[in-house]
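Novice: Pasting a structure below so you can have a look.
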Amino acid sequence: MLLSVRIITPLFVLLAGVQAKLNTDNCQLISSSESEKNALILLEPLTNQSFTVKGKDGEPYSYIFQVCGDAAGMKNAGLVQKTEKPDVLVRIGNYNQTRAIKGSDWILLIYEGGKNYDNHCSGEARKAMIMISCNGNAKNDFFVVLEDNKKKEGCYYLFELDTDVLCQKTPSKLSGGSIFLIVVFSCLALYLTGGFLYQRLVVGAKGVEQFPNYAFWSQIGNLSADGCDFVCRSRGNREEPPTYRGVATEPLGEEPEERDDHLLPM
Ligand SMILES: *[C@@H]1O[C@H](CO)[C@@H](O)[C@H](O)[C@H]1NC(C)=O
């Protein structure tokens, strides 16, 4: 009992220590719900890297995105619009004002509290929505979908990140054929070991007789050998097997005995 406590307690502390170091903990959820917290944890493999994409239709700026970290080095900004020459950074959304909505194989990450619009959208704060979804073939493809700002309120910048991080890891993808083969070989192995043990321990067989249904299988073997013989050998060889010549020598062996009889004194 004491030993297990000694082993488990440091483990627990270690785990708690690892838990405290999650990068996604830097995101602050606007409404702290358990499901949003769990959604954020799934994004942990995407943290500590920067995703950049050019604006649509040759717009003179690019967007920089980071999961729960400073994008383009701007404090608390998770998504930033960057214009070059001269360099201007516009805060689109903050990761200290995050929502994370989880679906079957996607998470909608929302960063709120960006720079206020000047003319559009009644001057409300900019907001970034990043649709992060499973794509087994994608290596974190980040792209702009649209900027929806032609309305009074509820404007947003929409982005998409395709990644294999959110794809459910299935244990294995076995085809029907390989499952069939596995079942057949398992049954065969069970039959052989079970039969072997039965023959050895219950029947008390020795040597090759320990194989289950030895007589049956050897008969099958003989029959198939005969079949093979019939199919493979040419007819001429089969009618006159060389073994018959050996039989013919037997009467020769008897002759000296007969001669011996004659030599015996009467
Ligand atoms: C988030 O960060 C920004 C920029 O540092 C700051 O102005 C804002 O007050 C923060 N919001 C919250 C809810 O912490």
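Novice: Does SER62 fit the bill of being within 18 Å of ARG99 (Cα to Cα) and hydroxyl-bearing (Ser, Thr, Tyr)?
Specialist: So SER62 does not fit the description; no.
Novice: Of all residues in region 77-108, which are surrounded by fewer than 23 Cβ atoms within 10 Å (Cβ to Cβ), over 32 Å from the mean Cα position of the chain (by Cα) and more than 17 Å from ASP25 (Cα to Cα)?
Specialist: LYS82, THR83, GLU84, LYS85, PRO86, ASP87, VAL88, LEU89, VAL90
Novice: A follow-up question, please. Any idea how many residues of region 136-153 are charged (D, E, K, R), surrounded by fewer than 17 Cβ atoms within 10 Å (Cβ to Cβ) and part of a strand (DSSP E or B)?
Specialist: 2
Novice: Now for a separate question. Can you name every residue in region 148-181 that is more than 17 Å from the chain's Cα centre (by Cα) and in contact (Cβ under 8 Å) with a residue 60 or more places away in the chain?
Specialist: Residues satisfying the conditions are TYR157, PHE159, LEU161.
Novice: Only residues that are touching a Gly at 6+ places or on another chain (Cβ under 7 Å) and either assigned to a loop (DSSP other than H, G, I, E, B) or within 13 Å of the ligand (Cβ to nearest atom) (or both): list them for region 114-135, please.
Specialist: Of everything in region 114-135, those that are touching a Gly at 6+ places or on another chain (Cβ under 7 Å) and either assigned to a loop (DSSP other than H, G, I, E, B) or within 13 Å of the ligand (Cβ to nearest atom) (or both) turn out to be GLY114, ASN116, TYR117, ALA125, ARG126, LYS127.
Novice: Could you please find all residues in region 165-208 being hydroxyl-bearing (Ser, Thr, Tyr) and either modelled with pLDDT of 85 or more or outside any helix (DSSP H, G or I) (or both)?
Specialist: Scanning region 165-208 gives THR170, SER172, SER175, SER186, TYR191, THR193, TYR198.
Novice: Okay, moving on. Output the residues belonging to region 64-99 that are of a type in the set (Phe, Trp, Tyr) and more than 14 Å from the ligand (Cβ to nearest atom).
Specialist: PHE65, the sole residue that qualifies.
The values are calculated or read from the model by the stated rules, or taken from the named source; none is laboratory data. Values in this document were obtained by computation on a predicted structure and should not be read as measured data. Here the Cβ is made from the backbone with ideal geometry for all residues, glycine too, and neighbour counts use every protein chain on show.
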